[in-house]
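The values are calculated or read from the model by the stated rules, or taken from the named source; none is laboratory data. These numbers come from a predicted model, not from an experiment. Counting neighbours? That spans all protein chains shown, and the Cβs are built from the backbone with ideal geometry, glycine included.
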Amino acid sequence: MIGVGKIKQYSNILEKPLSKGKQEVSLSAFTFLFSELVQYNQTRVDNIAELERRLEDAGYAVGARVLELLCHRDKGNRRETRLLGILSFVHSTVWKVLFGKVADSLEKGTEHEDEYMISEKDLLVNKFISIPRDMGTFNCGAFVAGIVRGVLDGAGFPAVVTAHFVPMEGLQRPRTTILIKFAEEVLQREARLG
Amino acid sequence: MTSTACFIIVSRNDIPIYEAEVGSAAKREDAAQLHQFVLHAALDIVQDLAWTTSAMFLKAIDRFNDLVVSVYVTAGHTRFMLLHDSRNEDGIKSFFQEVHELYIKILLNPLYLPGSRITSSHFDTKVRALARKYL
């Protein structure tokens, strides 16, 4: 019944305890909000690169906060100092909290040492969006790429993160790959830490 | 028991975003500047030490006369630094953990730009109350 039980009122936000993280948000509400976000930005940019950048910046803000919150809540105040550690943190913990499941796969790039890829068959933000042909290579997964960049940047692993469509045989829709390219200093520090 | 203590929060980009003198001793003008200077000088040590361990609480990392610098590094590399003269490590650890929770609540505000100064007076009041309780 609506209204049963009193919700405790807090005088300011600092008094309220941090949520335990068991809350779920309705999918329709989120996709509606996300579609509005994309449409809002679409009317204010001149080209596709700018639109992708704006979505990425929106995701970056989310990523910075998700990193701090999850390390405190789910990982018992342990920081990640190694590359593989932070990648598996993104691939499992972050994905599970944001999308309800771990990412489909985490792969290391074959051509370059500093490239890693997280793939998802059906990325939540792309699930209900179809890209018109005249928009070329635009991918709404740029929002999720921004989230990943926010997490990595916050933890001290600066990287360039982009989202790409990869057509798969046997699947109607292409799967989405988040490509992570780490900065030079990250690899140097990894080599130094051994 | 009087104790001197200076607490600052330094962001990832080495910009102080919050400062407070939380000791119960009488405040002197020159002492405050000296405390801040010592804390900033300890930042280099924190930088190296942060990558060697995955724990958040790095205990006493530097000393100056009889004052000790203790540091707590969060996941986003925001550093809580405390300059103090007490030996109560558990109290200091609890203080850092409580301030960490407060910091996360401030950070979750979507209108707060990470790395900018914390201007909330509620935050200030609560930090001083925690300092009186644990230090």
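Of the numbered criteria (1) over 17 Å from the mean Cα position of the chain (by Cα); (2) under 27 Å from residue B:103 (Cα atoms), the one residue A:62 fails is (1). Annotation: residue A:160 fulfils all but one of (1) within 28 Å of residue A:27 (Cβ to Cβ); (2) part of a strand (DSSP E or B); the unmet one is (1). Residues that are at the interface with chain A (Cβ under 8 Å from one of its Cβ atoms) and crowded, with 21+ Cβ neighbours inside 10 Å do not occur anywhere in the stretch B:62-71.
Scan the stretch A:102-112 and give yes if some residue there is β-branched (Val, Ile, Thr) and crowded, with 18+ Cβ neighbours inside 10 Å, otherwise no. Within the stretch A:102-112 (the criterion being β-branched (Val, Ile, Thr) and crowded, with 18+ Cβ neighbours inside 10 Å), the answer is no, since none of the residues qualifies. Filtering the stretch A:71-94 to residues that are touching a strand residue (DSSP E or B) at 6+ places or on another chain (Cβ under 8 Å) and more than 13 Å from chain B (Cβ to nearest Cβ) leaves A:87, A:88, A:91.
Taking the condition at pLDDT below 85, assigned to a helix (DSSP H, G or I) and of a type outside the set (A, V, I, L, M, F, W, C), does residue A:153 pass? In short, no. When residue A:68 is tested against (1) within 9 Å of chain B (Cβ to nearest Cβ); (2) more than 17 Å from the chain's Cα centre (by Cα), just one condition goes unmet, and that condition is (2).
A quick yes/no check of all residues on (1) surrounded by 19 or more Cβ atoms within 10 Å (Cβ to Cβ); (2) within 7 Å of another protein chain (Cβ to nearest Cβ):
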| site | (1), (2) |
| --- | --- |
| B:94 | no, no |
| B:97 | no, no |
| B:101 | no, yes |
| B:107 | yes, yes |
| B:113 | no, no |
| B:117 | no, no |
| B:122 | no, yes |
| B:127 | yes, no |
| B:133 | no, no |
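No other residue among A:33, A:37 is within 14 Å of chain B (Cβ to nearest Cβ), free of Cβ contacts under 8 Å to residues at least 12 places away in the same chain and over 29 Å from residue B:96 (Cα atoms) apart from A:33.
Taken over the stretch B:80-92, the residue count meeting the criterion of being in contact with a His (Cβ under 8 Å, 6 or more places away or on another chain) and away from every other protein chain (no Cβ under 14 Å) is 2. For the stretch A:151-194, the set of residues classified as within 14 Å of chain B (Cβ to nearest Cβ) and in contact with a strand residue (DSSP E or B) (Cβ under 9 Å, 6 or more places away or on another chain) consists of A:152, A:153, A:157, A:158, A:186, A:190, listed by residue number. When we screen A:82, A:44, A:54 for residues that are touching a residue at least 40 places away in the same chain (Cβ under 8 Å) and either under 22 Å from residue A:156 (Cβ atoms) or not β-branched (Val, Ile, Thr) (or both), the only hit is A:82.
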